[in-house]
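Report on the following structure.
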Amino acid sequence: MKTTLLTLLMLVAPSAAGAQSTCPPDAEGSRALIDGYMSAESFSQHRDSIGMAGLTPFHARVLTDATDLPACQRFVSQFGAFGSHPHWYWSAYKVGTFYVLAWRYVNAGGGFGIGLTPWIILDQNFAQVGGFAT
């Protein structure tokens, strides 16, 4: 009887696959921004000064609800949910013990936008240790 009830609940319960994620997706172009920062010689002094020496683009991973939900909830409370601001989308990454948040401008009107792309680096205590606009 318990097995039948459990099976019935699994069939009737809503699928987790369709659930809204708290962590933002890996927005197009954001990963290239992170990779560029992590590999560019021009940023090496900054990386060294904040404790990122030795980290490479391979250490960067996009945040997910499964492993980073508290951090994503904190970022959503500060910056709004992904897609909540017209044309601006953000992605969040973990690089070693650091968080890197990058915003991307997306022009939905078929035209193009010119401007700077802001991004920030936070330490494991969520204190900002870097910020750039490229």
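Please work out which one of (1) at negative phi; (2) out of contact with any strand residue (DSSP E or B) (no Cβ under 7 Å at 6 or more places or on another chain); (3) modelled with pLDDT of 70 or more; (4) not aromatic (Phe, Trp, Tyr) is the condition Gly96 fails and give its number.
Tallying (1) at negative phi; (2) out of contact with any strand residue (DSSP E or B) (no Cβ under 7 Å at 6 or more places or on another chain); (3) modelled with pLDDT of 70 or more; (4) not aromatic (Phe, Trp, Tyr), Gly96 fails exactly one: (1).
Among the candidates Gln73, Gln128, which residue alone is in contact with a strand residue (DSSP E or B) (Cβ under 9 Å, 6 or more places away or on another chain), at pLDDT 90 or above and surrounded by fewer than 15 Cβ atoms within 10 Å (Cβ to Cβ)? Break it down into steps so the answer makes sense when it comes.
On the way: Gln73 fails: in contact with a strand residue (DSSP E or B) (Cβ under 9 Å, 6 or more places away or on another chain).
Result: Gln128 is the single residue among Gln73, Gln128 that is in contact with a strand residue (DSSP E or B) (Cβ under 9 Å, 6 or more places away or on another chain), at pLDDT 90 or above and surrounded by fewer than 15 Cβ atoms within 10 Å (Cβ to Cβ).
Would segment 1-17 turn up any residue that is out of contact with any His (no Cβ under 8 Å at 6 or more places or on another chain), closer than 18 Å to Val129 by Cβ and at pLDDT below 95? Reasoning before the result, please.
Of segment 1-17, the ones out of contact with any His (no Cβ under 8 Å at 6 or more places or on another chain) are 1-17.
With closer than 18 Å to Val129 by Cβ added as a condition, the list becomes none.
The answer is no; no qualifying residue exists.
Among the candidates Gly29, Gly36, Gly51, single out the residue that is touching a strand residue (DSSP E or B) at 6+ places or on another chain (Cβ under 7 Å) and under 16 Å from Ile120 (Cα atoms).
Gly29
Within segment 23-30, is even one residue surrounded by 14 or more Cβ atoms within 10 Å (Cβ to Cβ), under 16 Å from Trp103 (Cβ atoms) and without any contact (Cβ under 8 Å) to a residue 60 or more places away in the chain?
no
Do we have any residue at all in segment 37-60 that's closer than 16 Å to Val100 by Cβ and touching a Leu at 6+ places or on another chain (Cβ under 6 Å)?
No, segment 37-60 contains no residue that is closer than 16 Å to Val100 by Cβ and touching a Leu at 6+ places or on another chain (Cβ under 6 Å).
Does segment 38-56 contain any residue that is within 16 Å of Gly130 (Cβ to Cβ), without any contact (Cβ under 8 Å) to a residue 24 or more places away in the chain, buried (at least 18 other Cβ atoms within 10 Å of the Cβ) and out of contact with any Pro (no Cβ under 9 Å at 6 or more places or on another chain)?
Within segment 38-56, one or more residues are within 16 Å of Gly130 (Cβ to Cβ), without any contact (Cβ under 8 Å) to a residue 24 or more places away in the chain, buried (at least 18 other Cβ atoms within 10 Å of the Cβ) and out of contact with any Pro (no Cβ under 9 Å at 6 or more places or on another chain).
The values are calculated or read from the model by the stated rules, or taken from the named source; none is laboratory data. Computed from a predicted model, the values in this text were never measured in an experiment. Cβ sites come from the backbone with ideal geometry, for glycine too, and all protein chains shown count toward neighbours.
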